[in-house]
1. Which of the residues that make up the range 1-23 are outside any strand (DSSP E or B), open to solvent by less than 20 Å² (accessible area, probe 1.4 Å) and closer than 19 Å to L87 by Cβ?
2. Check I261 against each of (1) over 19 Å from S22 (Cβ atoms); (2) crowded, with 24+ Cβ neighbours inside 10 Å and name the one condition it does not meet.
3. Could you pull out the residue among S189, S275 that is touching an Asp or Glu at 6+ places or on another chain (Cβ under 8 Å) and open to solvent by less than 30 Å² (accessible area, probe 1.4 Å)?
4. Out of the range 169-178, which residues are open to solvent by 10 Å² or more (accessible area, probe 1.4 Å) and either in contact with a strand residue (DSSP E or B) (Cβ under 8 Å, 6 or more places away or on another chain) or among the hydrophobic types (A, V, I, L, M, F, W, C) (or both)?
5. Out of A257, A234, A224, A267, which single residue is among the hydrophobic types (A, V, I, L, M, F, W, C), farther than 27 Å from G26 by Cβ and in contact with a Gly (Cβ under 8 Å, 6 or more places away or on another chain)?
6. Give the residues of the range 124-141 that are crowded, with 19+ Cβ neighbours inside 10 Å and more than 24 Å from A10 (Cβ to Cβ), sorted by residue number.
7. How many residues, within the range 36-45, are open to solvent by less than 20 Å² (accessible area, probe 1.4 Å) and either more than 29 Å from E296 (Cα to Cα) or among the basic types (K, R) (or both)?
8. I'd like the full set of residues that are within 20 Å of I297 (Cβ to Cβ) and either in contact (Cβ under 8 Å) with a residue 40 or more places away in the chain or within 12 Å of the ligand (Cβ to nearest atom) (or both), limited to the range 223-236.
Amino acid sequence: MKTRLETDFAGITFKNPLVLASGTCGFGEEYAGIFDVSRLGGICSKGLTLHARPGNSGIRIWETPGGIMNSVGLENPGVRDFISRELPKMKALGPAVIVNLGGHSIDDYLEGAELLDAAEFDILELNISCPNVKAGGMNFGLKAETAREVVKKIRAVTKHRLVVKLSPNAEDMAALARVCEEEGADGISLTNTFLAMAVDITKRRPVFDNTYAGLSGPAIKPIALRMVHQTAKAVSIPVMGMGGISTWQDALEFIMAGARILQIGSASFMKPSVSLDILEGMQSWLEDQGIGGIQEIRGIV
Ligand SMILES: Cc1cc2nc3c(=O)[nH]c(=O)nc-3n(C[C@H](O)[C@H](O)[C@H](O)COP(=O)(O)O)c2cc1C
């Protein structure tokens with residue numbers, strides 16, 4: 001018996017639950033010459049901002065045992081350029097298209113979302129883990145009230161299905177997820193990277209020009225899994241789970257913890273086609289177990 005991996009997420013059909021995570025696959029095309037990306041359930045764009053950004057100075061990626069730290073700084077071509085140049089190519093790849101939007105002020109988010117509203121794609125993923133320059137760099141995603149404001153305003157200007165991507169550094173993720181649901185989000189995705197640091201002892205200074213950077217990869221998996229579990233139990237909208245998924249066993253853990261869709265990020269840096277290994281591993285395990293559809297194991301723990 002072939003297990004059905006097809007998954008509905010807020011009315012969008014994903015042919016399987018595997019999606020390339022924001023910031024780790026460009027716009028999908030970068031991997032298209034390496035493996036058959038059309039077999040994936042979805043592709044999430046690099047985080048976009050209203051205007052193009054060159055990204056951060058200095059070291060941007062630093063390996064750590066079991067993970068990587070990044071301080072890319074949302075390098076991207078800006079929303080307008082994305083719509084005219086990247087989106088048509090992304091859509092032609094086949095998988096569902098998720099567009100990730102960041103912002104450094106409410107106005108930036110709003111203008112970006114308004115421009116994207118005229119474009120056709122499947123899901124708008126709102127990255128609220130960005131520093132609010134008007135509030136002294138305080139991250140929008142840390143407190144329920146700032147998250148509420150940005151989600152409410154974006155909801156009012158977008159026709160797209162809206163998924164809010166949470167920061168694991170939030171004060172209370174489950175409470176924050178409930179606020180997003182109250183304000184009309186169609187889904188939640190988590191987690192983004194964990195705030196981390198490395199010191200160059202020879203230079204006697206932080207490795208990153210911004211001192212702190214985001215940790216991802218296997219090192220964060222057990223914590224991300226716990227957060228996905230708590231969040232999936234706290235809301236009735238569907239959850240996209242991510243954080244350190246590198247093997248098909250990891251993927252099944254996230255599904256059993258309540259995630260409907262999975263995003264694969266850092267693991268693709270070790271092996272670009274790892275998502276297909278995960279897909280095949282999941283499929284054969286589920287078939288060995290005699291499971292007819294992936295929903296049979298979703299949220300069972
Ligand atoms: C190099 C790099 C760049 C990233 N850029 C973004 C981004 O632009 N927007 C975003 O929402 N998340 C971004 N992320 C976070 C990932 O999408 C993902 O949430 C996180 O890395 C956890 O998943 P992983 O452990 O599988 O990588 C980035 C991660 C990495 C490693």
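1. A21
2. (1)
3. Sole residue among the options that is touching an Asp or Glu at 6+ places or on another chain (Cβ under 8 Å) and open to solvent by less than 30 Å² (accessible area, probe 1.4 Å): S189.
4. N169, A170, M173, A174, A175
5. A257
6. N132, N139
7. Total satisfying the criteria: 1.
8. The answer is A224, L225, M227, V228, H229, Q230, T231, A232, K233, V235, S236.
The values are calculated or read from the model by the stated rules, or taken from the named source; none is laboratory data. A quick note: this is a predicted structure, and the numbers were derived from the prediction, not measured. Note: ideal-geometry Cβ built from the backbone for every residue, glycine included; neighbour counts use all protein chains shown. These accessible areas exclude ligands, DNA and RNA; they are computed on the full protein's heavy atoms, side chains included. Shrake-Rupley method; radii C 1.70, N 1.55, O 1.52, S 1.80 Å.
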